[in-house]
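A.B. asks: Structure provided below as structure tokens; questions to follow.
The values are calculated or read from the model by the stated rules, or taken from the named source; none is laboratory data. Here the structure is a predicted model, which means the values were calculated and not measured. All Cβ positions, glycine included, derive from the backbone under ideal geometry; neighbour counts span all protein chains shown.
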Amino acid sequence: MSDITVNQITHDHYTSNGEHIISKDAAVSDIGKWLKKGWIDIANSPVESVFYGLTMNFSVVLVYFYFNNQPIMMFKAATFFVMLSPFLATGLYAVSCQMGRGERPNLVKSVYAWRRNPTEFALFALALGIIIAIWSRVVPLIAAMVGSNGLLIVNPDAGVMGFLSSDLGQTFMFFFIISASLVSAFVFMVSVVTIPLLLRDKKVGVISAMVLSFQVVMENKKVMLVWALVIGALLSVGILTIGIAMIVIMPLLGYASWHAFNDLIEVDDGVKELSL
């Protein structure tokens, strides 16, 4: 747990079960500190970091080659990864938490960290699934709007570059990026501290955690905007390099996000932490 510094602005929050949680204001300069701590965590947990990095790398490569001739599906799947990144980083949060408590990182325990609070994690996964399912129905509408003769905007055999170089493909991407950014922003707002909090405090329900996450973002609008842009930019680099950069980017962002959570949230010392 991080300490509250002198003159730091804090906010009181109460969960549905009456638990008191304190959120703290952060500065844009703190983002650099979170990333620096993330690098340190990578150095201290090379096996775990490579495992999660390669897992994400494999996922991106699989999507790229499987949907190479289906550009719309490829970009749709890439957006799914961005939206699900907080959930996919659960194991990395657990590893960082272990090291923060002076323990040696344990890969097996980190993989199954969600099992310590399965109901709340399942509910959060369901919530994200519903959001993604709703948004996924918007994509065909965009395609139909741009290509009035059907959902296929360009010849699938042309591949991704043929898609991006076509006028209709570029028009589709314009509307796609706008819609994906709006939905991703909402997902970020309700998830930035949700999973770390569910790992840290099993007494907090998923609804309370999501509400608190939204409130924390609103309390730190500028910082969270920059942080979201940093995450989006790094994930984009990872995707554009066909997953190669994800080997480093995924663990870096996962660890940094855990440290961001610790700088933003103060949980009562009396709360029993989960054993990760």
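A.B. asks: Name the pairs: first residue in the stretch 229-256 and in contact (Cβ under 8 Å) with a residue 60 or more places away in the chain and part of a helix (DSSP H, G or I), second residue among the polar types (S, T, N, Q) and surrounded by 19 or more Cβ atoms within 10 Å (Cβ to Cβ), Cβ to Cβ under 6 Å, at least 6 apart or on different chains?
C.D. replies: Met246/Asn57; Ile247/Asn57; Pro251/Ser49; Tyr255/Ser96
A.B. asks: Just checking: which of the helices (runs of 4 or more DSSP H) contained wholly in the stretch 42-125 hold 1 or more residues that are of a type in the set (Lys, Arg) and over 19 Å from Leu240 (Cα atoms)?
C.D. replies: 107-111
A.B. asks: Name the residue, out of Ala122, Ala94, that is aliphatic (A, V, I, L, M), crowded, with 22+ Cβ neighbours inside 10 Å and modelled with pLDDT of 90 or more.
C.D. replies: So the residue among Ala122, Ala94 that is aliphatic (A, V, I, L, M), crowded, with 22+ Cβ neighbours inside 10 Å and modelled with pLDDT of 90 or more is Ala94.
A.B. asks: What's the number of the only condition in (1) in a helix (DSSP H, G or I); (2) at pLDDT below 85; (3) within 15 Å of Lys76 (Cα to Cα); (4) not charged (D, E, K, R) that Ser181 fails to meet?
C.D. replies: Unmet for Ser181, out of (1) in a helix (DSSP H, G or I); (2) at pLDDT below 85; (3) within 15 Å of Lys76 (Cα to Cα); (4) not charged (D, E, K, R): (2).
A.B. asks: Only one of these conditions is not met by Leu225: (1) modelled with pLDDT of 90 or more; (2) surrounded by fewer than 21 Cβ atoms within 10 Å (Cβ to Cβ); (3) touching a helix residue (DSSP H, G or I) at 6+ places or on another chain (Cβ under 7 Å). Which number is it?
C.D. replies: (3)
A.B. asks: Check the stretch 206-215 and report whether any residue there is farther than 20 Å from Gly32 by Cα, surrounded by fewer than 24 Cβ atoms within 10 Å (Cβ to Cβ) and among the hydroxyl-bearing types (Ser, Thr, Tyr).
C.D. replies: Yes, some residue in the stretch 206-215 is farther than 20 Å from Gly32 by Cα, surrounded by fewer than 24 Cβ atoms within 10 Å (Cβ to Cβ) and among the hydroxyl-bearing types (Ser, Thr, Tyr).
A.B. asks: Residue check: is Thr15 polar (S, T, N, Q), crowded, with 21+ Cβ neighbours inside 10 Å and at pLDDT below 90?
C.D. replies: Here the answer is no, as Thr15 does not meet what is asked.
A.B. asks: Yes or no: the stretch 43-54 includes at least one residue that is under 21 Å from the mean Cα position of the chain (by Cα) and at pLDDT below 85.
C.D. replies: no
A.B. asks: Does the stretch 249-272 contain any residue that is crowded, with 22+ Cβ neighbours inside 10 Å, at pLDDT 95 or above and β-branched (Val, Ile, Thr)?
C.D. replies: Yes - at least one qualifying residue is present in the stretch 249-272.
A.B. asks: So, one more: With the requirement that a residue be buried (at least 16 other Cβ atoms within 10 Å of the Cβ) and modelled with pLDDT under 90, what does the stretch 97-115 give you?
C.D. replies: Trp114
A.B. asks: Let me ask something additional. May I ask you to verify whether Phe261 is within 11 Å of the chain's Cα centre (by Cα), of a type in the set (Phe, Trp, Tyr) and assigned to a helix (DSSP H, G or I)?
C.D. replies: Taking the combined requirement at face value, the residue does not satisfy it.
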